[in-house]
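The values are calculated or read from the model by the stated rules, or taken from the named source; none is laboratory data. Bear in mind that the values here come from a model prediction, so they are computed numbers and not experimental data. Neighbour counts are summed over all protein chains in view; Cβ atoms, including those assigned to glycine, are modelled from backbone coordinates with ideal geometry. Quick note on the areas: whole protein, heavy atoms, side chains included, nothing else; ligands and nucleic acids left out. Shrake-Rupley method; radii C 1.70, N 1.55, O 1.52, S 1.80 Å.
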Amino acid sequence: MELGDLRKSYRGDTEAFEEQHLASLDPIEQFRAWFQEALDCPDIGEVNAMCLATCTRDGKPSARMVLLKGFGQDGFRFFTNYESRKGKELDSNPFASLVFYWEPLCRQVRIEGSVKRLPEEESERYFHSRPKGNQIGALVSRQSSVIPDREYLRKKNAELEERYRDSPVPKPDYWGAYIVEPEVVEFWQGQSNRLHDRIVFRRLRDRAAPLGAMTHRAHGDWVYERFSP
């Protein structure tokens, strides 16, 4: 299938995303501003859907869509099965990249950072805030394991629904929370003629280090730069 002519127009130059349009020089607050605009856009179905990319220790990547379940100055949180492919890759290589793509706004945000598990109490608290059917689903699915057919899931789900009809569902030990602690946050906005806007924040570990002529100090230990598209 030839797709060379499959393209769309983005924003015009009068709608460019320039440095003076930053809502904050703190990348977490800038993310919050764009996230709110995405929440307010009726054409975006799941604002918190993000692509999570992980990698084995020998450099073989994998990616999948998951849901962001919280963010703040400490990082970006999501929940999953520790025994899944992504869980195993994060155990052996605790770094990840996240991408949010909000097509109606012609925007994406890319985040890179280290990853760690959050305390068990936070996983317990969130697990029991979920609908009971979702809790049971976490017990039904040993994520990324091979199963015979869908009927296997139906039967196991029915069995567990009956077992926990009148009692709380226990959180499985293999399910819980991760947090991505950002080192790089890129804000991308599509522009006409593919001259896209890219403003990239990165965490500066040595705050005494001299900055280049096109590198600007931001909030705290962050700096930002404009990248060529």
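Give me the log10 of I(q) over I(0) for the range 182-229 at q = 0.14, 0.20, 0.24, 0.30 Å⁻¹, as the Debye formula computes it from C-alpha points; what are the numbers?
For the range 182-229, the Cα-only Debye profile gives -0.38, -0.67, -0.86, -1.12.
Can you sort 195, 68 by solvent-accessible area, 1.4 Å probe, largest first?
195, 68
If you take the C-alpha gyration tensor of the range 137-229, multiply each eigenvalue by 5 and take the square root, what semi-axes do you get, largest first, in whole Å?
For the range 137-229, the semi-axes come out at 49, 20, 11 Å.
So which of 60/86; 8/69; 116/171; 116/156; 88/155 end up more than 22 Å apart, counting from Cα to Cα?
8/69; 116/156; 88/155
How large a share of the accessible area of the chain, in percent, is made up of carbon and sulfur atoms when the probe is 1.4 Å and the other protein chains stay in place?
Here carbon and sulfur together make up 50 percent of the probe-accessible area.
Which value does Rg/Rh take for the range 13-105 over its C-alpha atoms, Rh per Kirkwood?
In the range 13-105, Rg relative to Rh is 1.03.
For the range 113-195, which chymotrypsin sites (Phe, Trp or Tyr not before Pro) are in a loop by DSSP, counting at most 16 other Cβ atoms within 10 Å?
164, 174
Skip the ligands, DNA and RNA, and give the accessible area per residue of the range 17-117 with a 1.4 Å probe, whole Å².
Accessible area per residue: 48 Å².
Across all directions of projection, what mean area in square nanometres is found for the Cα convex hull of the range 81-142?
6.0 nm²
Between rounded, prolate and oblate, where does the range 1-62 land on the alpha carbon gyration tensor, with a ≥ b ≥ c its root eigenvalues, rounded for a/c under 1.5, else prolate if a/b exceeds b/c?
Note, shape of the range 1-62 comes out oblate.
Per DSSP H run of n ≥ 4, the term is -39500 (n - 2.57); total these for the chain, divide by its residue number, and report the mean residue ellipticity at 222 nm rounded to 500 deg cm²/dmol.
Mean residue ellipticity, 222 nm, calculated: -7000 deg cm²/dmol.
Give me a comma-separated list of calculated 3J(HN,Hα) values for the range 115-123, in order, Karplus coefficients 6.51, -1.76, 1.60 applied at θ = phi - 60°, integers in Hz, x for any Gly or Pro.
10, 9, 6, 8, x, 4, 4, 5, 5
Using a 1.4 angstrom probe on the protein heavy atoms only, could you order 69, 88 from most to least accessible area?
I get 88, 69, largest accessible area first.
To the nearest 20 debye, what charge dipole does the range 131-227 have about its Cα centre, counting +1 at the Cβ of each Lys and Arg and -1 at the Cβ of each Asp and Glu?
Around 120 debye, computed over the range 131-227.
For the range 149-158, take each phi angle, set θ = phi - 60°, evaluate the Karplus expression 6.51 cos²θ - 1.76 cosθ + 1.60, and give the result in whole Hz per residue in order, putting x for glycine and proline.
Working through the residues one at a time gives 5, 5, 4, 4, 5, 4, 5, 5, 5, 4 Hz.
As I understand it, the dipole of the range 99-229 uses +1 on the Cβ of Lys and Arg and -1 on the Cβ of Asp and Glu, about the Cα centre. Which of 215, 158, 229 lies farthest toward its positive end?
Value computed over the given set: 229.
Based on the Cα atoms of the range 132-190, what semi-axes does the equivalent ellipsoid have, where each is the square root of 5 times one gyration tensor eigenvalue, given in whole Å with the largest first?
Rounded to whole Å, the semi-axes are 33, 16, 11.
Just to check I understand the Karplus step: with θ = phi - 60° and J = 6.51 cos²θ - 1.76 cosθ + 1.60, what whole-Hz values come out for the range 22-32, glycine and proline as x?
4, 6, 7, 8, 9, x, 5, 6, 5, 4, 4
For the chain, just the Cα atoms, rotate onto the principal axes and tell me the three extents in Å, largest first.
Largest to smallest, the principal-axis extents are 63, 48, 37 Å.
Could you tell me which of 61, 48, 111 has its Cα farthest along the dipole of the range 25-125 towards the positive end, charges placed at Cβ (Lys, Arg +1; Asp, Glu -1), taken about the Cα centre?
Comparing the listed Cα positions along the dipole, 61 ranks first.
Sort 65, 1, 50, 214 from largest to smallest accessible area, using a 1.4 Å probe on the heavy atoms of the protein chains.
Result, largest first: 1, 214, 65, 50.
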